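Asker: Mind having a look at this structure? Questions to follow.
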Amino acid sequence: MIKRIFVTEEASKYPYSFEICEKAGIKPEIIPDEEYYRENIESFLKDDITEGKKHLVLTVFKGSFFRKCPGTRGKICCNYYVIDQTTNCPFDCSYCFLQSYLNFRGIRFAVNIDELFAELHNVLKDGRFIRTGTGELSDSLALEPITGFASKLIDFFENYPDAMLELKTKSNNVYSLPDLRDKRAKVVAGWTIAPQKIIDKEERLVASLEERLNASKYAAEKGYLVSFHLDPVIFYPDADKMYLEMLDMVFSTHKKLAWLSMAGFRYEPQLKWYVESRFPESNLLIGEFVKCSDGKFRYLFPERIRFYRKIAEFVSRVSPETPLYFCMEDKNVWDLVFPPDYLSKTRMKILF
């Protein structure tokens, strides 16, 4: 998956950089800084996105690692926080917003994690509850076999049992994570999932649905809470049937989840070019879309409501204690899918 590892001169002062190179079995290439990579490596790539995903750039991050999820204007936010330690992802999905969002094509990995831990300590030391994760700008576990970063983060959260960490992934890289059955850390192993037919068409280099479900069963046995994310929901023909069959598989494996989220496919206008040029076999853009108040294109409102209601009815029937919520949908959607008192229910208080 990773073919070359570049280490900035500043990152070369950190032993962690060379631990990663040793695990990967790749000789590091020392470069002056990130700009050197951009000007002398990235600019000469024939396919900067595809080839950039094979390059790991070990660097020292100077800014703040921790922030509140920005959500999107006009939409209900689930009070989530994100840890930005890795940027970009070795997986390659047709719908990924990073294609049009990032202007740095290598995978940027910050090795100064002690500074990250110091920042998190200042946030968590008073025992406040925070739900946070590392999976917004990258996959939380895609690089775990060579970085061990998630394991280090879990060990850190052992000292802050009032906080909750989610590791969101499309991989099955959970088998090296620490056993939590006798630990205090609250860690959620989360999977973004889709029916296998959609995975085959729209997601590259990822674990299969079966592999993700097997990994989730293993994680639960080792003391992890488990979450799933239907994000993005893609309206293929027979989508209703495919997603309900998939959820039946999920709840045959887990009687209750830490949470389940769902969100229809949405995209900013600039993503369309990347989908059409990089994924010519994709069915992602088939269907009718409308531009919404946040500038993103979404499936037609009645179609989304109809689909969401089917999912909500199914989940309420088979696992009524599982918190189900939307990502990036407005109040009208919530009101038309859920009962008026939905957010006040006990199971939802962990999220809002």
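Bear in mind that the values in this text are calculations on the coordinates, not laboratory data. This is a predicted model, so every value here is computed, not measured. Here the Cβ positions follow ideal geometry from the backbone for every residue, glycine too, while neighbour counts run over all protein chains shown.
Asker: Tell me, what HN-Hα J-couplings in whole Hz come from the Karplus equation 6.51 cos²θ - 1.76 cosθ + 1.60 at θ = phi - 60° for each residue of the range 16-29, using x for Gly and Pro?
Answerer: 4, 4, 7, 4, 5, 4, 5, 4, 6, x, 10, 6, x, 10
Asker: What is the helix-to-structure angle for 209-221, meaning the angle in degrees between its Cα long axis and the longest Cα principal axis of the chain, kept from 0 to 90 and rounded to the nearest 10?
Answerer: 80
Asker: Can I ask one more? Return the sequence-ordered ³J(HN,Hα) values of the range 121-138 in whole Hz as given by the Karplus equation 6.51 cos²θ - 1.76 cosθ + 1.60 applied to θ = phi - 60°, using x for Gly and Pro.
Answerer: Rounded to whole hertz, the list is 4, 5, 7, 9, 4, 8, x, 6, 7, 9, 9, 9, x, 10, x, 8, 9, 6.
Asker: Among T50, T134, rank each residue by its count of other Cβ atoms within 10 Å, from fewest to most, as a rough exposure measure. Each step should come with its number before you reach the end.
Answerer: Working: T50 13, T134 23.
By the 10 Å Cβ count, ascending, the order reads T50, T134.
Asker: Turning to a different aspect of this structure: Could you point to the label whose value was computed as Cα extents along the principal axes in Å for the structure here, given (1) 73, 47, 36; (2) 90, 36, 32; (3) 56, 49, 35?
Answerer: Derived directly from the coordinates: (3).
Asker: What's the exposure ranking of C69, C77, going from fewest to most Cβ atoms within 10 Å?
Answerer: Fewest-to-most ranking of C69, C77: C77, C69.
Asker: Under a cut-off of 13 Å between alpha-carbon atoms, report the aspartates and glutamates in cross-link reach of K186, not counting same-chain residues fewer than 8 places apart.
Answerer: D155, E158, D162, E166
Asker: Work out the charge dipole of the chain with +1 on the Cβ of Lys and Arg and -1 on the Cβ of Asp and Glu about the Cα centre, then indicate which of Y325, I198, P178 is farthest towards its positive end.
Answerer: Y325
Asker: Based on Cβ point charges of +1 for Lys and Arg and -1 for Asp and Glu, what charge dipole magnitude is obtained for the chain about its Cα centre, in debye rounded to the nearest 20? Can you show the working numbers first?
Answerer: Values: 50 positive and 51 negative charges, 191 e Å.
Computed about the Cα centre, the dipole is about 920 debye.
Asker: In degrees, nearest 10, range 0 to 90: what is the angle between the Cα axis of helix 301-318 and the longest Cα principal axis of the chain?
Answerer: Compared with the principal axis, the helix lies near 90 degrees.
Asker: Can you run phi through the Karplus equation (6.51, -1.76, 1.60; θ = phi - 60°) for the range 237-245 and list ³J(HN,Hα) in whole Hz, with x for Gly and Pro?
Answerer: Coupling constants for the range 237-245: x, 6, 4, 4, 5, 5, 5, 5, 5 Hz.
Asker: Then there is this: Considering only DSSP states other than H, G, I, E and B, which trypsin sites (Lys or Arg not before Pro) in the range 134-221 qualify as loop sites with at most 11 other Cβ atoms within 10 Å?
Answerer: R181, R184
Asker: Could you line up D341, D240, D231 from fewest to most neighbouring Cβ atoms inside 10 Å? Don't jump to the answer; show the numbers that get you there.
Answerer: On the way: D341 8, D240 15, D231 19.
The fewest-first ordering by Cβ neighbours comes to D341, D240, D231.
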